[in-house]
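Please treat every number below as a calculation from the coordinates, not as lab data. The model shown is predicted, which means the values in this text are computed figures rather than measured ones. Positions of Cβ are generated from backbone atoms using ideal geometry, with glycine treated the same way; all protein chains shown enter the neighbour counts.
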Amino acid sequence: MPDFFFHQALLPEGWVRDVRLRVDSGGTITEVVSGAAPDSSHRLEGVAVPGVPDLHSHAFQRALAGLTERGSSKGDTFWTWRDRMYSFLARLEPDDVEAIAEQLYIELVRHGYTQVTEFHYLRNDPEGRPYADAVEMAMRLHRAAGRAGPALTLLPVLYRSSDFGGRPPTAGQRRFLATVDEILTDVTLLRNRFADDPLRRVGLALHSLRAVPPRELELAVSGMRAIDADAPIHIHVAEQLREVEACVRWSGRRPVEWLLEHAPVDARWCLVHATHMTVDETLRLAASGAVAGLCPTTEANLGDGIFPLADYLVAGGACGVGSDANVSTSPASELRLLEYGQRLVHHQRNVAAGGTDRSTARTLLERAWVGGAQAGGRHAGALAPGRAADIVVLDPDHPALAGREGDELLDSWIFAGDETPVRHVVVGGRVVVRDGHHPRREEAAAAYRRAVRRLR
Ligand code: NGQ
Ligand code: ZN
């Protein structure tokens with residue numbers, strides 16, 4: 001790998017000038033020198049900051065974006081959206097998923113995401129039978145990411161029931177179903193196939209407390225730990241009020257409360273959404289060390305509610321952002337809406353800043369860098385030795401960033417417009433986007449158009 005040279009960079013100690021980064025053949029930063037001479041290093045013009053991890057994606061849902069925005073006489077909810085999503089996915093074939101995912105991942109990297117964690121539950125064929133290769137669909141995501149460039153963490157998803165109390169799955173859920181043993185076998189298969197690939201990581205997801213009964217949750221978690229003690233474990237939790245109410249009826253506990261009492265939740269876990277929490281749950285989740293996986297544009301799109309970010313940050317909780325249903329593909333949109341939700345609720349400004357004269361975008365990005373990397377099980381999130389060389393190079397000449405210095409660059413990236421001022425993107429030491437251009441952009445878009453037209 002070449003050395004990289006940047007005129008300005010954000011290191012853990014702060015903003016510095018003339019930085020040379022040395023990267024080994026596995027894509028890990030080995031040395032960071034500031035005040036360096038450019039010498040023979042590969043110069044990427046602009047301002048280097050860590051790449052943003054996307055901690056929660058369902059790639060196939062990208063192709064549904066925009067098709068669920070019509071009112072209906074019954075009133076639209078998360079649950080009617082979900083019915084629509086089920087009928088959309090019923091026809092998806094592996095080729096479609098690969099085309100959709102490549103287009104999505106290119107958009108994600110162009111906007112500054114360098115790693116994607118796929119909460120992957122579209123496992124079986126349209127009749128609900130496993131593919132000849134049980135991890136066929138996961139391999140399609142892997143191939144799409146191989147061409148588009150982001151690092152990829154794959155989370156095979158355990159999905160067993162349609163609701164609390166082990167209610168049988170519905171016909172619309174047959175593509176998601178597998179036993180604990182089958183899912184753990186998927187995990188092992190994928191781990192073996194990716195053993196030598198520093199851009200791949202495998203963990204486990206439990207779809208939700210609705211979809212995974214307690215005994216199977218326990219078996220899956222202990223099985224995953226026996227395979228890989230450090231692997232990330234994710235779960236959707238407390239996203240919708242109806243889900244919270246059903247959980248209380250079933251167990252006498254709220255979902256986050258139940259999970260914290262019954263599962264070994266710690267820093268290797270990511271609780272996706274966790275929208276509806278009492279103050280007590282908020283503090284306990286923060287203390288657990290788990291990452292709250294926040295997906296503000298999807299949560300807004302689906303009418304979920306607003307995460308109690310202010311209390312959670314004061315309590316020192318870890319969090320990061322995910323693109324989830326992929327109605328938006330930019331980390332700036334997620335972080336901006338995360339902060340704006342708080343402003344609207346609290347009638348204040350700069351809620352996430354966390355102190356006098358602190359930059360809101362810097363605080364939000366630092367959480368997303370650290371929490372996202374933690375949730376993705378990737379040693380990344382900072383320009384420092386031992387971390388993956390996942391780098392976003394901002395364009396200081398972009399009108400949105402012109403005349404900005406230091407943290408103002410970050411505040412302007414997140415809060416000053418809809419265009420992305422990302423110039424170059426590096427993943428694991430490889431330049432994936434150069435001067436805003438992705439080499440696969442046209443070809444991937446053509447394949448994507450063919451897929452979505454076929455699916456209409
Ligand atoms: C999903 N999406 O698995 O794609 C879910 C909806 C469900 C979000 N939670 C399905 N945003 O929760 O049952
Ligand atoms: Zn989700």
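Some notes on this structure:
- Computed from the Cβ-Cβ distance with R0 of 25 Å, the FRET efficiency linking S73 to R167 stands at 0.35.
- Between the stretch 363-430 and the stretch 47-124, the C-alpha centres lie 23 angstrom from each other.
- Rg over Rh for the stretch 133-209 works out to 1.02, both radii taken from alpha-carbon positions and Rh defined as the Kirkwood radius.
- Helix 360-376 axis, angle to the chain major axis (alpha carbon atoms, nearest 10°): 60 degrees
- The ranking of T114, T179, T153 from fewest to most other beta carbons within 10 Å of each one's beta carbon is T179, T153, T114.
- Beta bridges per DSSP with both ends in the stretch 46-187, % antiparallel, nearest 5: 10 percent
- Compactness check for the stretch 271-336: Cα Rg over 2.2 N^0.38 Å is 1.07.
- The chain, helix-only ellipticity at 222 nm - DSSP H runs n ≥ 4, -39,500 (n - 2.57), divided by all residues, nearest 500: -11500 deg cm²/dmol
- Å³ per residue enclosed by the Cα convex hull of the chain: 140 Å³
- Helix axis angle, 136-148 relative to the chain longest principal axis, alpha carbon, degrees: 20 degrees
- Each Lys and Arg adds +1 at its Cβ and each Asp and Glu adds -1 at its Cβ; summed about the Cα centre, the chain shows a dipole of about 980 debye.
- Residue exposure proxy: H347, H379, ordered by other Cβ atoms within 10 angstrom of their Cβ from fewest to most, comes out as H347, H379.
- Against the chain, whose longest principal axis is taken from its Cα atoms, helix 279-288 shows a tilt of about 60°.
- Take every DSSP beta bridge whose two residues both sit in the chain; close to 40 percent of them are antiparallel.
- Footprinting exposure proxy for T298, T80 (fewest neighbouring C-beta atoms within 10 Å first): T80, T298
- For the stretch 1-72, the dipole from Cβ point charges (+1 on Lys and Arg, -1 on Asp and Glu) about the Cα centre works out to 260 debye, to the nearest 20.
- Net charge contributed by nearby residues that have their C-beta within less than 9 Å of N326 (K/R +1, D/E -1): -1
- Rel. contact order, % - alpha carbon contacts under 8 angstrom, at least six apart, the stretch 18-117: 34 percent
- In the stretch 290-354, trypsin sites (Lys or Arg not before Pro) in a DSSP loop with at most 16 other beta-carbon atoms within 10 Å: R349
- A viscosity of 1.306 mPa s and a temperature of 10 °C, combined with the Kirkwood radius over Cα pairs in Stokes-Einstein, give a translational diffusion coefficient for the stretch 44-189 of 96 µm²/s.
- Positive dipole terminus of the stretch 62-163, leading residue within V157, L104, A65 (C-beta point charges): A65
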